[in-house]
1. Would a scan of the stretch 216-224 turn up a residue that is within 20 Å of the chain's Cα centre (by Cα), surrounded by 20 or more Cβ atoms within 10 Å (Cβ to Cβ) and of a type in the set (A, V, I, L, M)?
2. Taking the options Phe133, Phe117, name whichever one is within 18 Å of Asp94 (Cα to Cα) and either modelled with pLDDT of 95 or more or within 13 Å of the ligand (Cβ to nearest atom) (or both).
3. How many of the residues in the stretch 175-187 are away from the ligand (no atom under 11 Å from the Cβ) and touching a residue at least 24 places away in the same chain (Cβ under 8 Å)?
4. Conditions first: (1) farther than 25 Å from Asp274 by Cβ; (2) touching a helix residue (DSSP H, G or I) at 6+ places or on another chain (Cβ under 9 Å); (3) not in a helix (DSSP H, G or I). Phe117 passes all but one, so which condition is the exception?
5. From the list Ala199, Ala247, Ala231, which one is among the hydrophobic types (A, V, I, L, M, F, W, C), farther than 30 Å from Asp158 by Cα and either without any contact (Cβ under 8 Å) to a residue 60 or more places away in the chain or part of a strand (DSSP E or B) (or both)?
6. Do any residues in the stretch 148-161 that are more than 14 Å from Met225 (Cβ to Cβ) and in a helix (DSSP H, G or I) have Cβ atoms under 8 Å from those of residues that are near the ligand (Cβ under 9 Å from one of its atoms) and not aliphatic (A, V, I, L, M), where the two are at least six apart or on different chains, and which pairs are they?
7. Run down Thr13, Thr91, Thr69 and say which single residue is away from the ligand (no atom under 15 Å from the Cβ) and within 22 Å of Leu131 (Cβ to Cβ).
8. Name the single residue that is farthest from Ala77 (Cα to Cα) among those in the stretch 162-183 being part of a loop (DSSP other than H, G, I, E, B) and touching a Leu at 6+ places or on another chain (Cβ under 6 Å).
Amino acid sequence: MRVGNLYENKEKTRLSFEFFPPRDEKAEAGFYKVVDDLTKLSPDYMSVTFGAGGSTKEGSYQAVKKMITEKNLPTVAYIAGFGLGPDEITTVLDKYKELGVETIFVIRGDEPRTDDFTPHPDSFSYASDMLSFIRERYDFDLGCAGYPEGHIQAESLDKDIEYLKLKVANGAKYVVAQYCYDNTLFFKYVEKCRAAGIAVPIIPGIMPVYSIKLTNMLCKLCGAMIPEEMAAKLDSLAEADKSEVAAFGVDFAIKQCSELLKHGVDGLHFYTMDRSKSVTEIVNRLREDNLL
Ligand SMILES: Cc1cc2nc3c(=O)[nH]c(=O)nc-3n(C[C@H](O)[C@H](O)[C@H](O)COP(=O)(O)OP(=O)(O)OC[C@H]3O[C@@H](n4cnc5c(N)ncnc54)[C@H](O)[C@@H]3O)c2cc1C
């Protein structure tokens, strides 16, 4: 399944779900239960992340393999190049090609937080370099990441957009955006990208609030802003039941997605965090409202 083609066909808004591969054998049963639950929503595709430094190389491969060969699911494989040499990248990609994967999402990744990791001396510095390398050697559809609030290490949002333009010039046919809880920032970002000459689909990433701790941790890690209204609500829910927090997350995401859909986005990409309950509720309610 070629995701570039999928977004080119504007007949409907595309739905995609992102997963981390299961950590170990013990986690597999729970992981595939979530995949099966979310399959019931008939997404256009699923995607499987890749730990930088190759940390989930085998786990990601096994998950993609099972999703394609046993479950017959349209699946995108990610590759995060940080620390990997060109040969290691081609070894991973050859295996994906053999499985029949047609779309690869290309990211740089970050330095693993372990002491014993030594990056390959020829590892790529940026995703744009990986995209050129892959495009020259393979016939995959390629995607890349974008950052509505600017990447956390970026000199400025404008510079970051300049580098996004390079990623598109080097072969990315679509962009999946880092989640951001304020749609205005996403809309402004798309406008800026268009003004910079980036014409490919830019798909908003949706990260429902699953728990207060996780939301705070992830936002700190990736630099996503928590809007004041959301921060106040999360403060007031600090002592609340987990289910109340998740219910707030569902309601917030429904409002956010409704606005994005009314604005005519090409797709919604959900960061599932390997959970199915919130995303199922969100998608079902958007469908009940004939928005999706
Ligand atoms: C949708 C999505 C999925 C993700 N999936 C994964 C995953 O599976 N595994 C994982 O490890 N991480 C993943 N990440 C996180 C990602 O790896 C990190 O955000 C990483 O820090 C940047 O990756 P990138 O591909 O955007 O990097 P790049 O595009 O290379 O950008 C990295 C930084 O360098 C700057 N830059 C880019 N090009 C240049 C240049 N030529 N010269 C100077 N500066 C430059 C950019 O402005 C930016 O600040 C994902 C992120 C998103 C949004």
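1. yes
2. Answer to the selection: Phe133.
3. The qualifying residues number 6.
4. Looking at each condition in turn, Phe117 falls short on (1).
5. After applying the criteria, what remains is Ala247.
6. Within 8 Å, the pairs are Asp160/Tyr147; Asp160/Gly150; Asp160/His151.
7. Just a single option satisfies the conditions, and that option is Thr91.
8. Asn170
The values are calculated or read from the model by the stated rules, or taken from the named source; none is laboratory data. Everything quoted here is computed from the prediction, not taken from an experiment. Cβ: placed from backbone, ideal geometry, glycine included. Neighbour counts: every protein chain shown.
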